[in-house]
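Enquirer: First the structure, which I've put down as structure tokens, then a few questions once you've had a look.
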Amino acid sequence: MARIIAGVTSSHVPAIGAAIDNKKTEEPYWKRVFSGFVKSKEWMADAKPDVVIAVYNDHASAFSVELIPTFALGCAAEFPPADEGWGPRPVPVVKGHPALASHIAQSVILDEFDLTIVNKMEVDHGLTVPLNLMFGSPTEWPCPVIPLAVNVVMYPPPTGHRCYMLGRAIRKAVQSYPEDLRVVIMGTGGMSHQISGPRAGLINSKFDKAYLDGLTKDPKKLIRIPHVEYMREAGAEGIEMVMWLVMRGALDDKVKEVYRFYTVPASNTAVGHIILENAERKIKSRRPASAKGRAARAKRAAPRAPSLPASGGGKGRGLVVRSQR
């Protein structure tokens, strides 16, 4: 059967994509950001997923105020890069996995999540920037990608609890798919940032780092955060972090944190990133009795997720930074 082996989160700052496309990744301002994803690319190359499920939000490329699905699952065979006003990004066309996507759609809808099924869709920086950060800049993406667009632009966005439970439903769907596939699920967006208004440029590192801690140790605490707290502590666009909870809901209750990275700023955004693996439980089964009637002893091994120190939340007094345009 198919199985989700790990979850990844990553910010999807459009300026990161521009730095890649314009070959500015080695400039001092940007090198700090990209150096944090070197180990991530190595991990992804070693993980070799057969499919990636990418949870992201559309930025008025595929959808608009005329059509605002809360959850939209891409079931097409391919998803071209969108023209966001200055031409499509020079990245490969995203190849989908229609069979698995359709299976997920059927399973999740029958579990009473009312997905919008999308059979034709362009994808913007919300999807392609995280793919660059995890896979680099190949001529073709190394595996199929299933896009899952979440509305976090127009009110009301889904709650953190709803996103987490959708992740649970996706996990169930993947596990019921008969083909042996290794799946990585990505949650994108965030972390704290606000792009307009009196608090434009707000960054709250204390809130962000506590959120990263919670993804590993206490996701049930995160799913209780209301919309207004995201806005107060992490800025108006900080609500994007509910998409990370779709990823977390798709994983085991206990996970192994293998890597995290955090830096500020990238443009006007806090860049957060974490890799969580499902803890593999290796159990040796009891051997049959020998000819002499002696039974062998069964040995069990269950690695535990590392313990991390707790971190408190912010008080809405984040750092304000200048944008890098």
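Bear in mind that the values in this text are calculations on the coordinates, not laboratory data. Keep in mind it's a predicted model, so treat the numbers as computed, not measured. Virtual Cβ from ideal backbone geometry, glycine too; neighbours counted across all protein chains shown.
Enquirer: Cα-Cα over 30 Å: which of LYS48/LYS120; LYS31/LYS220; LYS41/LYS95; LYS24/LYS120; LYS41/LYS217?
Expert: With Cα atoms farther than 30 Å apart: LYS31/LYS220; LYS24/LYS120.
Enquirer: Another question about this same structure. Between THR139 and TYR155, what is the label-point separation in nm under the 7 Å Cα-to-beta-carbon projection?
Expert: It works out to 5.0 nm between the two label points.
Enquirer: Further, regarding this structure: In what order do HIS193, HIS227, HIS12 fall by count of nearby beta-carbon atoms within 10 Å, going from fewest to most?
Expert: Taking fewest neighbouring Cβ atoms as first place, the list is HIS227, HIS12, HIS193.
Enquirer: Now for a separate question. Quickly work out the GLU27-to-LYS39 label distance, labels modelled 7 Å from Cα along the C-beta direction, and quote it in nm with one decimal.
Expert: 2.7
Enquirer: OK, next. Taking the Cβ of ILE223 as the center, what net charge do the other residues with Cβ under 13 Å away carry, scoring Lys and Arg +1 and Asp and Glu -1?
Expert: +3
Enquirer: Once the Cβ-Cβ distance between VAL93 and LYS220 is put in as r, and R0 is 51 Å, what FRET efficiency do you end up with, to the nearest 0.05?
Expert: After rounding, the FRET efficiency stands at 0.85.
Enquirer: For region 138-152, just list the computed ³J(HN,Hα) in residue order, Karplus coefficients 6.51, -1.76 and 1.60, θ = phi - 60°, integers in Hz, with x standing in for Gly and Pro.
Expert: x, 6, 9, 4, x, 8, x, 10, 9, x, 10, 8, 10, 6, 10
Enquirer: Could I ask something else about it? How would MET1, MET241, MET134 line up from fewest to most surrounding beta-carbon atoms within 10 angstrom?
Expert: Ascending Cβ contact count within 10 Å gives the list MET1, MET134, MET241.
Enquirer: Right, here's the next one. Decide, for region 1-143, between rounded, prolate and oblate: order the square roots of the alpha carbon gyration tensor eigenvalues as a ≥ b ≥ c, take rounded if a/c falls under 1.5, and otherwise choose prolate if a/b is larger than b/c, else oblate.
Expert: oblate
Enquirer: Follow-up question, since we're still on this one. Whole-Hz ³J(HN,Hα) for each residue in region 158-175, computed from phi via Karplus 6.51 cos²θ - 1.76 cosθ + 1.60 with θ = phi - 60°, x for glycine and proline: what do you get?
Expert: x, 6, x, 5, 4, 5, 4, 5, 5, x, 4, 5, 5, 4, 4, 5, 4, 5
Enquirer: OK, next. Please list, in chain and number order, the residues 5+ apart from GLY189 or on another chain whose amide H is under 5 Å from its amide H, with Hs placed from the backbone.
Expert: Sorted by chain and number, the residues that satisfy this are SER10, SER11, HIS12.
Enquirer: While we're here: Taking the Cβ-Cβ separation of LYS48 and GLN175 as r and a Förster radius of 22 Å, what is the calculated FRET efficiency to the nearest 0.05?
Expert: 0.70
Enquirer: If you don't mind, there's one more thing I want to ask. Using 0.36 nm per residue, how much length does the chain from LYS120 to SER196 gain when fully extended, once their Cα-Cα distance is taken away?
Expert: Separation in residues times 0.36 nm, less the Cα-Cα distance, equals 24.2 nm.
Enquirer: I need the peptides 267-274, 244-251, 20-27, 3-10 ranked by packing, meaning the mean over residues of other C-beta atoms within 10 angstrom, with the highest value on top.
Expert: Output ranking for 267-274, 244-251, 20-27, 3-10: 244-251, 267-274, 3-10, 20-27.
Enquirer: Could you list which residues have their amide H under 5 Å from that of ALA266, counting only those 5 or more apart in sequence or on another chain, with H placed in the peptide plane?
Expert: Those lying under 5 Å, H to H, from ALA266 are VAL271.
Enquirer: Compute the acute angle (0 to 90°) between the alpha-carbon long axis of helix 205-217 and the principal axis of greatest extent of the alpha-carbon atoms of the chain; round to the nearest 10°.
Expert: The helix 205-217 is inclined about 20 degrees to the chain.
Enquirer: Another question, if that's okay. For the chain, what is the relative contact order in percent, using Cα pairs closer than 8 Å and at least 6 residues apart in sequence?
Expert: Over the chain, the number comes to 26 percent.
Enquirer: To continue, here is another question. If each DSSP helix of 4+ residues adds -39,500 (n - 2.57) and the sum is divided by the residues in the chain, what number results at 222 nm, nearest 500 deg cm²/dmol?
Expert: After summing the helix terms and dividing by the residues of the chain, the value is -9000 deg cm²/dmol.
Enquirer: Tally Lys/Arg at +1 and Asp/Glu at -1 over every other residue whose Cβ is under 12 Å from the Cβ of GLU122; what's the total?
Expert: Within the 12 Å Cβ shell, the charges total -3.
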